[in-house]
1. So, R0 is 45 Å and r is the distance between the beta-carbons of V23 and R245; what FRET efficiency does that work out to, to 0.05?
2. Using a Cα-Cα cut-off of under 29 Å, which lysines could be cross-linked to K210, ignoring same-chain neighbours fewer than 8 residues away?
3. Give the residue from T266, S325, I223 lying farthest towards the positive end of the charge dipole for the stretch 222-359; charges sit on Cβ (+1 for Lys and Arg, -1 for Asp and Glu) and the dipole is referred to the Cα centre.
4. Take the residue pairs K287/K450; K338/K504; K456/K504 and return only those whose Cα atoms are more than 27 Å apart.
5. Just in the stretch 283-322: which GluC sites (Glu not before Pro) are loop by DSSP and have at most 11 other Cβ atoms within 10 Å?
6. Determine, from the Cβ-Cβ distance of N365 and T211 and an R0 of 51 Å, the FRET efficiency 1/(1 + (r/R0)^6), rounded to the nearest 0.05.
7. Got a sec? What order do H238, H179 fall in by accessible area at 1.4 Å, biggest, i.e. largest, first?
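The values are calculated or read from the model by the stated rules, or taken from the named source; none is laboratory data. None of these values were measured; they are calculated from a predicted model. Counting neighbours? That spans all protein chains shown, and the Cβs are built from the backbone with ideal geometry, glycine included. Note: accessible area is taken over every heavy atom of the protein model, side chains too, but ligands, DNA and RNA are not part of it. Shrake-Rupley method; radii C 1.70, N 1.55, O 1.52, S 1.80 Å.
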Amino acid sequence: MADEPTYTADDITVLEGLEAVRVRPGMYIGDTNVRGLFNLCREVVDNSIDEVLAGYATHIDVVLQEEGVVSVTDDGRGIPVDIHPTTGEPAVTTIMTKLHAGGKFGGSGYKVASGLHGVGVSVVNALSEWLEVEVYRDGKVHFQRYEKGKPVTPLLVRGKAKGTGTKVTYKPDPTIFTHSVEIDRELLTTRLRELSFLNPTAVITLTDYKTGKTETFQNKGGIAALVQYLNRQKETLHRHPIYFRRERNDIEVEVAIQYNEGLNDTIVSFANNICTVLGGTHESGFKSALTSVINSYARKNNLLKEKDPNLIGDDVREGLVAAVSIKMQNPIFESQDKKRLGSLEAEGIVRSIVQEGLSEFLEENPQVARRIVAKAIAAAQARIAAKKAAELVRRKNALEDSTLPGKLADCSEKDPKLCELFLVEGDSAGGSAKQGRDRRTQAVLPLRGKIINVEKNRLDKILANEEIRAMITALGTGIADRHGNNDENGSDENGESDGKSESKFDISRLRYDRLILLCDADVDGSHIRTLLLTFFFRYMRPLIEAGHVYIAKPPLFGIQHGKQILYADDEQERDRLLKEIGRRAHVTRFKGLGEMNPEQLRETTMDPEKRSLMKVSLDDVIEADRIFSILMGDAVEPRKDFITAHAKEVTELDI
Ligand code: 28G
């Protein structure tokens, strides 16, 4: 072993540090794609936020420049520049070039592996083609430049500084980020907005060279403003969010709650400014306190009678928008990407703080309290009615040997993998589809009129709707609850559920491999399509996740060309075709599917050889759901804004 090179302890640290980051970037920042690129910026901004949290910085300016260059400036104390006695180099150099150096939350106990917040700015440095830091301290501007993580200048003094602060400018290394080095604007905007809610004293700006514009994120209202923002397109049950902030055993807890008239719930939680998407102990402490406080208030005020069962979590969370933010010393995250808080002490503390804070609020605001309780009681009644209805549907299926709906024209093939089901808007198009289909593998279920809006109606009403019942029976899977939960105990992680399942979704019983929505290419058609997608999204989400749901694309135009008809999906294609054949043809615009004869429908839309289908992804549905709730929801302002903003895009709207 004589030839083996000898490393000093320092060499090993250096090697393990920057080289390891460049060899396995994904380990530190998640991936080398859109997310990873965003995480670089997030890491730098989070360092500035730490100075905000410490009470020294108030302004953070993010500037996006050409070729993916990002600069971040804060007005904190400025990274220390003094020479460290053991390393012999300036502190800022150590922070920029050594892994973990300068970590503020918990040092060695900090999990690093998957690369969200806290990996250290040296990781950004290692993954940048170049990075320049400017530190404003002691009246001077200190400057150092690095390339691929290595200093290429000493720490220099370059002029005079007025205040204090830090500026970091970096260019992501294009040999690491193979796809693009341009940061995803939406991810960044969302994070900066989120940070402004979580840090009410901060003023954050984003300047983008592409637009030349500067956007300012400032939310003095904190997480109360966040829940108002989340409710911006909703009618709320009470005007001002319920808000309290308390501290116990060195854990600071902040909670904001505002109910809306809707049926869904949104709870966002944070631990030390990190968004815990999967919740965790703080969130379950909040939920169990919410349930118990509302139950005791309802009992105490005789809104729930002695014989009435307790409200369960789902009941008290209907229409809830809440934000829970805690700050604690050494948070423990269960998943490596910090999506779930595991610290046990947080659960009890949040629970007791919410119990106190919320009870006080309800006592002091009886009008709001009564409205909240009334809504929860209505939710409970609907839940009980829906359970009976679902049980009835199920028993009927069992007894009557799952009689398929009368309107369904089923296919003869029995292997679901080879079968597809067309859900067709309207009886007349349904008729054409029945005639135009391949009877062996294609089934058709015509849907009459409007589908019930599952966003506005509770499950008991939804199950009373004939079209919905026909779909459920035809598909064969049953339904999950509106949260997509499917276990026997319902959705309650706090054990409040009564233990019996109302309904079960079983994808293995799916009778068709593809569900194809076939709606008119007009406003009504897209409305119906959205209603259907929303139903699948809420009650059969795994169908979408597993890629079973498709949208058929019937053509908009037919162009007679001799004996032949050419079809076009949009105006552009129509004009292109017209140019090709010399503009002499007279054009048909298909107002609805019903205008196509069975042969045409088969040729253009149903025949697997010729048609084009769009597979529906969860993102599509979420976007459709958003636009839909703007257009169909209660709040008037967002609708006006949307229509004004998009008025120009709509050329041939067929109303
Ligand atoms: C502009 C882009 C990113 C930063 C500071 C300020 C200090 C600092 C940063 O100290 C070592 C860790 C915490 C004490 C702290 C300055 C105390 C006194 C700082 C940033 C030792 C790092 N004076 N501002 N780091 N600290 N901004 N913005 O990176 O315990 S990083």
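1. Values: r = 44 Å, r/R0 = 0.98.
Efficiency for this residue pair is about 0.50.
2. K148, K167, K171, K220, K640, K648
3. Most positive-ward Cα: I223.
4. On the way: K287/K450 36 Å; K338/K504 31 Å; K456/K504 22 Å.
Beyond 27 Å between Cα atoms: K287/K450; K338/K504.
5. Numbers: sites: E283, E306, E318; in loops: E306, E318.
Listed in order of number, the matching sites are E306.
6. On the way: r = 44 Å, r/R0 = 0.85.
The calculated FRET efficiency here is 0.70.
7. Ranking H238, H179 by accessible area, largest first, yields H179, H238.
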